[in-house]
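These notes are about the structure you will find just below.
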Amino acid sequence: QVQLVESGGGLVLAGGSLRLSCAAPRRTLSNVRVGWFRQAPGKERDFVAAITWRGDITDYGDSLKGRFTISRDNAKGTVYLQMNSLKPEDTAVYYCAAGGGVRLGVNSSDYVYWGRGTQVTVSS
């Protein structure tokens, strides 16, 4: 079992930025693929971004590329999600997911391990 911990969420004004982090306190993330998903109240969980274990391939949800950037520091075993130009519609709980394969994963079902999420609230 791999425990994932997200951090960096909070309240921000529209147009602001946040950087989320995902780490596994008892196991490194340096050799697994990682994805970020988000879920707003009353909505389904949506794909946000994903990165291969090498960090050489990334993908983003619709309309997020250009504002969001996923990256990783394998030396620290941490994956980041830089979110810029935030909008009120970005408000959601953001989840980190890991494992399940080698190729890039863009579906919830691609992942085995999940964090508990971190709340991001963007006010207008």
In this structure, the FRET efficiency calculated for R67 and R27 from their beta-carbon separation, with R0 = 30 Å, to the nearest 0.05, is 0.50
Any lysines whose Cα falls less than 19 Å from that of K87, other than same-chain ones fewer than 8 residues away, would be K43, K65
Here, trypsin sites (Lys or Arg not before Pro) of the stretch 14-46 satisfying both criteria (DSSP loop; at most 15 other Cβ within 10 Å) are R26, K43
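When the dipole is taken about the Cα centre of the chain, and only Lys, Arg (+1) and Asp, Glu (-1) are charged at their Cβ, what size is it in debye, to the nearest 20? Provide the component values of the computation, followed by the final result.
Numbers: 15 positive and 10 negative charges, 65 e Å.
It comes to approximately 320 debye.
No value in this document is a laboratory result; all are computed from the given coordinates. All of these numbers come straight from a predicted model, not from anything done at the bench. With ideal geometry, Cβ positions are generated from the backbone for all residues, glycine too; neighbour counts draw on all protein chains shown.
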